[in-house]
Amino acid sequence: MPSMDPAGSQNSTKADFFARKQRIAQQRKSLPIASVEKRLVDEVRSHDILIIVGETGSGKTTQLPQYLFNAGFCHDGKIIGITQPRRVAAVSVAKRVAEECGVEMGQRVGYSIRFDDMTSSSTRIKYMTDGLLLREALLDKYLSRYSVIIVDEAHERTVDTDVLLGILKSVQKARSGPINQRLNIDHTKANNGDTENDSQRGGSLNRCQGLKLNPLKLIIMSASLDARGFSEYFGGARAVHVQGRQFPVDIFYTSAPETDYLDATLITIFQIHLEDGPGDILVFLTGQEEIESVERLVLEKLRQLPEENQTLKVLPIYSSLPSEKQMQVFMPAPTGFRKVILATNIAETSVTIPGIKYVIDPGLVKARTYSARTGMESLVVVPTSKAQALQRSGRAGREGPGKCFRLYPEREFQKLSDSTVPEIKRCNLSKVILQLKALGVDDIIGFDFMEKPLREAVVKSLELLALLGALTEEYRLSDPVGHQMARLPLDPTHAKALILASQFNCLEEMLITVAMLSVESIFYAPREKLEEARTAAKCFSSLEGDHLTLVNVYRACDELFEKSKIGNSKEKAEKSLRKWCKENFINSRSIRHARDIHRQIRENVEQMGLHIASCGDDMLQFRRCLAAAFFLNAALKQPDGTYRVLSSGQAVQIHPSSVLFRTKADCLIFDELKVVASILKKVCCRYRLLCWRTCSTASDDSDPGEGGLVQEREP
DNA sequence: GAGCACTGC
């Protein structure tokens with residue numbers, strides 16, 4: 001991915017090698033965190049839980065694990081684990097640290113993410129995603145291989161981070177006492193089943209009987225300025241602050257609220273372009289459609305400028321954009337040109353774009369929300385939090401002093417909430433609950449979450465799981481269905497569909513279906529080639545519905561891939577697959593992802609001993625099976641031609657992208673419901689002047705070389 | 001006849 005450090009040249013000479021080594025040592029020494037190495041190690045020694053607030057550029061993620069390794073925290077072959085919310089981060093940081101340590105990746109330093117495990121028995125510093133560590137906890141509930149676990153980027157408060165914090169808290173408690181005393185973690189179901197999973201877990205338990213596990217050191221790292229929440233959650237844990245290395249960013253607010261933020265965005269882009277010094281501009285917008293229309297407007301306006309001023313290069317970036325187009329934002333602008341990057345919040349944390357000096361922030365974000373009443377998730381445009389606004393403005397100060405233009409008045413900033421609502425409070429919980437139950441947590445309402453999800457949301461998800469047969473009457477994991485479902489890394493409904501399919505002799509088809517349903521959109525339709533894309537998509541469509549259409553796409557890909565593999569290298573086969581995808585307006589990244597998932601869940605169901613068979617042409621079996629798993633998502637056509645969800649009575653429509661949009665079947669099942677809300681405003685192209693008012697800078701540390709360790713207030 | 005913030009196992 002783009003934000004990675006470039007790998008070292010393959011044919012570097014010995015002199016290069018030593019020069020690089022020296023350069024790395026120098027860079028390490030100059031990091032703010034380097035001056036407090038000894039004090040940090042002492043803090044970890046004397047506190048079992050430590051909260052570290054480290055600003056951007058402090059070096060905490062790469063350095064602390066090395067300090068702890070050197071201080072002997074890996075004796076007895078124990079591991080230091082560092083979790084990240086994102087895969088790219090886990091990989092790129094591990095690569096950097098392996099290089100700093102001068103070791104080969106996968107030896108002392110390694111990483112483990114889904115589909116890609118670069119660790120070995122000699123790995124002592126292990127970077128991973130937090131979701132993966134949660135999966136590990138299913139197999140080893142004391143996480144006994146780890147002496148230290150560092151949860152990085154905890155302030156992002158993803159669902160996985162929040163669940164992990166709760167689990168780690170109880171693991172730590174359990175490991176601090178003799179093994180036969182720590183029963184607090186032992187909420188494993190009263191053994192009413194003897195599945196393979198149970199006996200495995202029982203086995204490792206028996207081996208540990210009477211032994212004392214070594215205590216677990218827990219370090220929570222956050223970039224948010226306020227560590228109080230974490231500290232309170234961990235019983236008044238010690239919190240320290242490590243200074244960062246960030247250049248100052250001047251913040252500007254509008255003097256009055258803007259009625260049309262897209263118009264204001266446009267004006268600001270051109271004000272910067274025509275009046276400010278060199279440097280690229282990063283604009284935060286809410287979604288693809290908005291980005292596309294702003295792109296058009298900028299280009300339109302650009303044409304009206306004198307030729308010598310037509311030196312803007314507009315580049316969009318959002319997650320569903322094909323990767324070769326995403327990569328363009330990382331290329332330097334042509335000489336004499338200025339880049340304007342139109343981004344969703346992908347540019348907030350997921351990718352770091354070099355060269356940004358100006359940030360334009362309308363203060364809005366498209367966020368997931370969840371209604372416990374209907375059990376529906378939807379995406380809604382909401383104001384950002386203060387923390388998010390700060391994160392956005394920080395993007396202008398990575399390489400030098402920058403400017404951030406917030407398209408709202410300062411008094412509006414004061415009204416924003418301090419931090420973003422944790423994801424666990426705004427999502428469907430059925431997956432989380434299934435996972436917690438499998439980890440031995442039966443009382444979900446009573447579980448020690450840092451922030452408890454809404455009670456109604458928990459109840460709604462418990463209901464769903466019970467209806468799917470994953471829970472017993474006592475709301476424990478059922479055997480074998482509940483255990484099987486928990487073992488599959490899928491949505492509970494999708495997992496249930498697989499289990500049913502093994503009984504209906506169509507598991508082959510269902511494996512493909514759920515793999516395809518698990519990934520981002522398969523079809524890609526650029527606005528300028530909409531008609532071509534539609535024609536291409538028709539080749540795959542099945543009259544029997546979208547699920548079978550997806551199966552057709554997957555099989556066509558698979559066939560092509562297998563054919564081009566004959567007599568060719570894997571790389572070549574992948575290249576021709578990408579070409580085929582492009583011709584057929586299919587997102588090759590999504591297909592690759594679906595193939596990975598397919599491989600993994602196929603292995604899972606094989607290990608579970610499910611019967612893998614194809615239904616051949618007997619699609620009725622397959623459709624019956626879908627209906628049996630998705631029964632809560634069944635909709636019936638009404639006399640007036642509209643549809644109504646059988647389980648809730650809610651009125652719904654078929655999405656125009658569905659192959660069933662025209663055929664209007666009497667009864668159908670759906671995979672997802674979307675709330676329709678058009679938010680795009682009409683944008684006009686007037687050119688007027690915005691009044692800007694300078695306010696405080698994001699950081700008043702004008703010398704970014706300074707480091708230091710400051711103790712946070714005791715809570 | 002319309003659109004999909006971002007992650008993760």
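For the reader, a short list of remarks on this structure follows.
- Of the listed requirements (1) crowded, with 17+ Cβ neighbours inside 10 Å; (2) within 11 Å of DNA strand B (Cβ to nearest atom), A:Glu520 misses just one: (1).
- Evaluation of A:Ala613 against the conditions (1) farther than 23 Å from A:Leu488 by Cβ; (2) outside any helix (DSSP H, G or I) shows that the sole unmet condition is (1).
- Conditions (1) within 31 Å of the chain's Cα centre (by Cα); (2) surrounded by fewer than 17 Cβ atoms within 10 Å (Cβ to Cβ); (3) more than 16 Å from A:Glu509 (Cβ to Cβ); number of the one not met by A:Arg555: (3)
- Whichever residue in the range A:294-319 is touching a residue at least 12 places away in the same chain (Cβ under 8 Å) and among the polar types (S, T, N, Q) and, among such residues, is nearest to A:Thr352 (Cα to Cα): A:Ser319
- Scanning the range A:332-344 for residues that are surrounded by 16 or more Cβ atoms within 10 Å (Cβ to Cβ), part of a loop (DSSP other than H, G, I, E, B) and of a type outside the set (Ser, Thr, Tyr) gives a single hit, A:Ala333.
- First in the range A:510-529 and in the same structural domain as A:Glu544 (by TED's automatic domain parsing) and within 21 Å of A:Phe630 (Cα to Cα), second anywhere and charged (D, E, K, R) and more than 8 Å from DNA strand B (Cβ to nearest atom), Cβ under 6 Å, 6 or more apart: A:Leu511/A:Arg602; A:Leu517/A:Asp671
- The range A:150-170: number of residues that are on the phi > 0 side of the Ramachandran plot and out of contact with any strand residue (DSSP E or B) (no Cβ under 7 Å at 6 or more places or on another chain): 1
To keep it simple, each residue is scored yes or no on (1) among the acidic types (Asp, Glu); (2) modelled with pLDDT of 90 or more; (3) buried (at least 19 other Cβ atoms within 10 Å of the Cβ).
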{"site": "A:Ser204", "(1), (2), (3)": "no, no, no"}
{"site": "A:Leu216", "(1), (2), (3)": "no, yes, yes"}
{"site": "A:Ile219", "(1), (2), (3)": "no, yes, yes"}
{"site": "A:Leu274", "(1), (2), (3)": "no, yes, no"}
{"site": "A:Asp280", "(1), (2), (3)": "yes, yes, yes"}
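- Positions within the range A:583-610 being touching a residue at least 60 places away in the same chain (Cβ under 8 Å) and either part of a loop (DSSP other than H, G, I, E, B) or within 17 Å of A:Phe540 (Cα to Cα) (or both), in sequence order: A:Phe585, A:Ile586, A:Asn587, A:Ser588, A:Ser590, A:Ile591, A:Ala594, A:Met608, A:Leu610
- Scanning the range A:290-331 for residues that are surrounded by fewer than 19 Cβ atoms within 10 Å (Cβ to Cβ) and among the polar types (S, T, N, Q) yields A:Ser293, A:Gln304, A:Asn309, A:Gln310, A:Thr311, A:Ser319, A:Ser320, A:Ser323, A:Gln328.
- Filter result (acidic (Asp, Glu) and over 21 Å from A:Pro383 (Cα atoms)) within the range A:251-291: A:Glu275, A:Asp276, A:Asp280
- Scanning the range A:345-365 for residues that are assigned to a strand (DSSP E or B) and more than 14 Å from DNA strand B (Cβ to nearest atom) yields a total of 6.
- For the range A:428-447, the candidate set comprises residues that are assigned to a loop (DSSP other than H, G, I, E, B) and within 16 Å of DNA strand B (Cβ to nearest atom); within that set, the residue that is surrounded by the fewest Cβ atoms within 10 Å (Cβ to Cβ) is A:Asn428.
- Residue-level check: of (1) under 19 Å from A:Gln84 (Cβ atoms); (2) part of a helix (DSSP H, G or I); (3) at pLDDT below 90, A:Lys29 misses just (1).
- When restricted to residues that are part of a helix (DSSP H, G or I), more than 19 Å from A:Leu439 (Cβ to Cβ) and not aliphatic (A, V, I, L, M), the range A:449-506 contains 9.
- Extreme residue, nearest to DNA strand B (Cβ to nearest atom), among residues of the range A:91-121 that are farther than 21 Å from A:Gln63 by Cβ and small (Gly, Ala, Ser): A:Ser120
- Test: residue in the range A:636-650 that is in a strand (DSSP E or B) and either buried (at least 16 other Cβ atoms within 10 Å of the Cβ) or touching a residue at least 40 places away in the same chain (Cβ under 8 Å) (or both): yes
- Qualifying residue in the range A:110-124 (condition: of a type in the set (Gly, Ala, Ser) and touching a strand residue (DSSP E or B) at 6+ places or on another chain (Cβ under 6 Å)): yes
- Among the residues of the range A:59-85, not one is surrounded by fewer than 19 Cβ atoms within 10 Å (Cβ to Cβ) and within 16 Å of DNA strand B (Cβ to nearest atom).
- The test for being modelled with pLDDT of 85 or more and over 30 Å from the mean Cα position of the chain (by Cα) holds for A:Leu560.
- Identity of the residue in the range A:366-405, in a helix (DSSP H, G or I) and more than 19 Å from the chain's Cα centre (by Cα), that ends up surrounded by the fewest Cβ atoms within 10 Å (Cβ to Cβ): A:Lys386
The values are calculated or read from the model by the stated rules, or taken from the named source; none is laboratory data. Since we're looking at a predicted model, the values are computed, not measured. For neighbour counting, all protein chains shown are included, and Cβ atoms are generated from backbone atoms with ideal geometry for every residue, glycine included.
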